[in-house]
Amino acid sequence: MRKHPVIFGMLLLIALGVVFSVLFYGIGVNSGKTKSFSLNDKVGVVSVNGVISDSIEITEQLEDFGRDDSIVAVVLRIDSPGGGVAASQEIYDAVVQLKKRKKVVASMGSVAASGGLLIACSADKIVANPGTITGSISAIMQFANVEELLKKIGLKASSIKSGKHKDIGSPLREMTPEDTKIIQDLVDDIYNQFVDVIVRDRKIPREQVINVADGRIFSGRKAKEYGLVDYLGDMGFAAGLAVKLAGKEGNYDLVYPRKKRVSVFDYIFESAANQMSRSFKNKVESWGGVGYLYCPSNP
């Protein structure tokens, strides 16, 4: 091998690739929380964590559990302050489709507010902890204005546009009263869509919903008084309830979505791509966007 260092180096790289591939394959296989064999009924668990910015992964998990005949029911574990309107609505629609085949129970964690509450309304039943932070039935759209700052540092900006409202919400100018009305109408329409969901799914009179749908937050116990939650309990209670709704009795196992098996190279490239995508998305969204989001740092 001393006479052929190139061949030796190639063999070494291949060996390292095999080792890392086996390592990551093992991580993918062992990362799930399911038992390899069990005669118990199985309850699928789909988690909605953090700010909701995308729905693809969660909707795919819901669809997979819907097709799996071994899953008798699904628990939607929500620990989120909400997020994007479209993403929240897409997850909501996916749960509605899943309910045609399986019973679904929403389990609220520490926070299940705004878009998190919207998603919970899609379930057959909602379970919250007494201290869960929920509510924030509202829609919000924020914009930054740096016009005065640019003046102080001697910069000017100009826009060439095809319509007078094309740059609506631009940080480079103050919004006109007409601009403000357009944005307000948009936010009001999205807000009313949220209220419509609660009225329809929770079967609460619209006037009663409007009374608490002003952006305020409240505890899980208070939400039960308002009719927004069916039961007070933890994740275990929610899973047991899901089994009962499915007409089953006895022991059950919680089944979590399996993580995709990827090679070390796929893992590296996917991680880099995801990081770049998140960075770009955060920069774009920092200028403003409409959302079902509870954000205590808002002024």
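Observations
- Selection from the range 208-226 of residues that are out of contact with any strand residue (DSSP E or B) (no Cβ under 6 Å at 6 or more places or on another chain), hydrophobic (A, V, I, L, M, F, W, C) and more than 21 Å from Ile190 (Cβ to Cβ): none
- Scanning the range 141-173 for residues that are surrounded by 10 or more Cβ atoms within 10 Å (Cβ to Cβ), among the charged types (D, E, K, R) and either touching a His at 6+ places or on another chain (Cβ under 9 Å) or part of a loop (DSSP other than H, G, I, E, B) (or both) gives Lys161, Lys164, Lys166, Asp167, Arg173.
- Residues that are aliphatic (A, V, I, L, M), within 23 Å of Lys42 (Cα to Cα), within 13 Å of the chain's Cα centre (by Cα) and not in a strand (DSSP E or B), drawn from the range 63-117: Ile91, Ala94, Val95
- Near pairs, Cβ below 6 angstrom, 6+ apart or cross-chain, from the range 207-232 (at positive phi) to any residue that is β-branched (Val, Ile, Thr): Gly227/Ile204
- Some residue of the range 169-190 being under 19 Å from Ser55 (Cβ atoms) and at pLDDT 95 or above: yes
- Selected residue [crowded, with 16+ Cβ neighbours inside 10 Å, of a type in the set (Asp, Glu) and over 24 Å from Val105 (Cα atoms)] from Asp230, Asp189, Asp179, Asp214: Asp179
- The listed residue being of a type in the set (Ser, Thr, Tyr), in contact with a strand residue (DSSP E or B) (Cβ under 6 Å, 6 or more places away or on another chain), modelled with pLDDT of 95 or more and within 16 Å of Leu245 (Cβ to Cβ), out of Ser107, Ser80: Ser107
The values are calculated or read from the model by the stated rules, or taken from the named source; none is laboratory data. None of the values given here were measured: they were computed from a predicted structure. With ideal geometry, Cβ positions are generated from the backbone for all residues, glycine too; neighbour counts draw on all protein chains shown.
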